[in-house]
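**Q** Please read through the structure below; I'll follow up with questions.
The values are calculated or read from the model by the stated rules, or taken from the named source; none is laboratory data. Model, not experiment: these values are computed from the prediction. Positions of Cβ are generated from backbone atoms using ideal geometry, with glycine treated the same way; all protein chains shown enter the neighbour counts. The accessibility values were calculated without ligands, DNA or RNA, using every heavy atom of the protein model including side chains. Shrake-Rupley method; radii C 1.70, N 1.55, O 1.52, S 1.80 Å.
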Amino acid sequence: MSETEAAQEGRPTGPTIFDKILDGSIPAKFIHEDDKCVAFMDVSPQAPVHFLVIPRKRIAMIEDAEDGDAELLGHLLLAAKKVAKEQGLAKGYRLIINNGVEGAQSVYHLHIHVMGGRQMNWPPG
């Protein structure tokens, strides 16, 4: 099933794949880890460098973020910047947050895609 098809299923119930990565029931090699978030390479990369940054706190989608999440959301962006530099993306990269069905969100645990290592096209999608 493609990401778009998975997104059309809408918001599922129960733990997500990212919850399982965070609790260790699905192994993942973290390329960044701190008390607020982790980052790891995407299993289906869409660019030469494609990693995800996810908060340890489960926020299903950016639509569900609250004012009290502002510091965490900023931290996610700074972590993405730090890891992008470590991954050699000095020429640039793209940050993507999918939100909801029409935004092609397939995992309902907020995550930032960081993609680089090639020229990105515009418009996306």
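**Q** Could you work out the Rg to Rh ratio of region 1-124, with Rh taken as the Kirkwood radius (inverse of the mean 1/r over all Cα pairs)? Walk me through the numbers before you get to the answer.
**A** Working: Rg = 14.1 Å, Rh = 15.0 Å.
For region 1-124, the value is 0.94.
**Q** For region 15-125, with the dipole built from +1 on Lys and Arg beta-carbon atoms and -1 on Asp and Glu ones, taken about the Cα centre, which of Ala47, Ile17, Ala80 lies farthest toward the positive end?
**A** Ala47
**Q** Check the chain and count each lysine pair with an alpha-carbon distance under 20 angstrom, considering only pairs eight or more places apart or from different chains.
**A** Summing the qualifying lysine pairs gives 15.
**Q** So, by mean Cβ neighbours within 10 angstrom, what's the order for 67-77, 104-114, 51-61 with the highest one leading?
**A** Values: 67-77: 12.7, 104-114: 21.4, 51-61: 19.4.
Ranked by mean Cβ neighbours within 10 Å, highest first: 104-114, 51-61, 67-77.
**Q** ³J(HN,Hα) across region 20-33 via Karplus (A = 6.51, B = -1.76, C = 1.60, θ = phi - 60°), whole Hz, x for Gly/Pro?
**A** Couplings: 5, 5, 5, 8, x, 6, 10, x, 8, 8, 6, 9, 8, 7 Hz.
**Q** If the only charges are +1 at each Lys and Arg Cβ and -1 at each Asp and Glu Cβ, what is the size of the charge dipole of region 12-52 around the Cα centre, to the nearest 20 debye?
**A** Numbers: 3 positive and 6 negative charges, 27 e Å.
The calculation lands at about 120 debye.
**Q** Leaving ligands, DNA and RNA out of it, report the carbon-plus-sulfur percent of the accessible area of region 52-99 at a 1.4 Å probe.
**A** Details: 1540 of 2970 Å².
Here carbon and sulfur together make up 52 percent of the probe-accessible area.
**Q** Tell me the trypsin sites (Lys or Arg not before Pro) within region 79-108 that lie in a loop according to DSSP and have at most 14 other beta-carbon atoms within 10 Å. All intermediate terms of the calculation are to be shown ahead of the outcome.
**A** On the way: sites: Lys81, Lys82, Lys85, Lys91, Arg94; in loops: Lys91.
Qualifying residues, ordered by number: Lys91.
**Q** Leaving out ligands and nucleic acids, note down the accessible area per residue over the chain with a 1.4 angstrom probe, in whole Å². Please report the intermediate quantities before stating the final value.
**A** Details: 7650 Å² over 125 residues.
Solvent-accessible surface per residue comes out at 61 Å².
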